[in-house]
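First comes the structure, then the notes that go with it.
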Amino acid sequence: MVKKWRITTVALVAIILAVVWVMVEKSETYSEPQKALFAIDNELLLIPAYQMNDKALFFFIKDKDSLGAVYVRKGLFGWKAGMLTWSAIDKERHYDSYHLNGTQRQGGSLLYGLIKNGNDRIVQVNEEQAKMLNLATVGQENIEEYRLEELFIWYFEGDESITEDEIKLLDKDTGEELNPANF
């Protein structure tokens, strides 16, 4: 009789824990990745990089002077944001198209930064080309408010942890290296 009582108690506790877990997970997930991010901070200026399958990458501007990145993943109950990381960007926006300034990192697999005139440049990490996001996609009103004229976000994702290997800035037309820099 005692053994049956213990099994019943253990089963009941497991059911209660499962119900609590489901309730917590449902309360922290959303139908769209943007909603998951706005639930954390509804003042973010979101800059979508991509959404593929169950993963989305967003860059964001926080408080007008911080650039950050976050992955959002789709789980059993919906989209859930990962940890937001950000760092300050140049308040005066003194970026030029001949230097890489302020390379940032998200986890071990994402490097990114701001550059001016990204249509004319190639950023290479470990001899692979980084992707460019034109910030003109955020709309003219946001470009003016956040002072993002002619700025691009470059980013590179690696399957493994990115080591301190060479990052190069190249002229897109000539292939000439513009700013030798080590990360």
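At a glance:
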item	result
Where Ala130 falls short, out of the listed (1) small (Gly, Ala, Ser); (2) modelled with pLDDT of 90 or more; (3) on the phi > 0 side of the Ramachandran plot	(3)
Number of positions in region 53-77 that are part of a loop (DSSP other than H, G, I, E, B) and either touching a residue at least 40 places away in the same chain (Cβ under 8 Å) or surrounded by 14 or more Cβ atoms within 10 Å (Cβ to Cβ) (or both)	5
Pair list, Cβ < 7 Å and 6+ apart or interchain, from region 92-113 residues that are closer than 16 Å to Glu177 by Cβ to residues that are of a type in the set (D, E, K, R) and at pLDDT 80 or above	Asp96/Lys116; Ser97/Lys116; Ser97/Asp120; Ser97/Arg121
Lys116 vs. criteria closer than 22 Å to Asp41 by Cα, in contact (Cβ under 8 Å) with a residue 24 or more places away in the chain, among the charged types (D, E, K, R) and touching an Asp or Glu at 6+ places or on another chain (Cβ under 8 Å)	no
Residue satisfying condition, being aliphatic (A, V, I, L, M), within 30 Å of Ala81 (Cα to Cα), modelled with pLDDT of 80 or more and out of contact with any helix residue (DSSP H, G or I) (no Cβ under 8 Å at 6 or more places or on another chain), within set Leu37, Leu17	Leu37
Boolean, Thr174 is under 19 Å from Ile47 (Cα atoms) and either of a type outside the set (A, V, I, L, M, F, W, C) or open to solvent by 50 Å² or more (accessible area, probe 1.4 Å) (or both)	no
Identity of the residue in region 85-125, open to solvent by 60 Å² or more (accessible area, probe 1.4 Å) and not in a strand (DSSP E or B), that ends up nearest to Leu37 (Cα to Cα)	Lys91
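The values are calculated or read from the model by the stated rules, or taken from the named source; none is laboratory data. Remember, it's a predicted structure, so these values are computed and weren't measured experimentally. Ideal geometry is used to build each Cβ from the backbone, glycine not excepted, and the neighbour counts take in all protein chains shown. Each accessible area value is taken on the protein alone, full model and side chains, heavy atoms only, with ligands, DNA and RNA left out. Shrake-Rupley method; radii C 1.70, N 1.55, O 1.52, S 1.80 Å.
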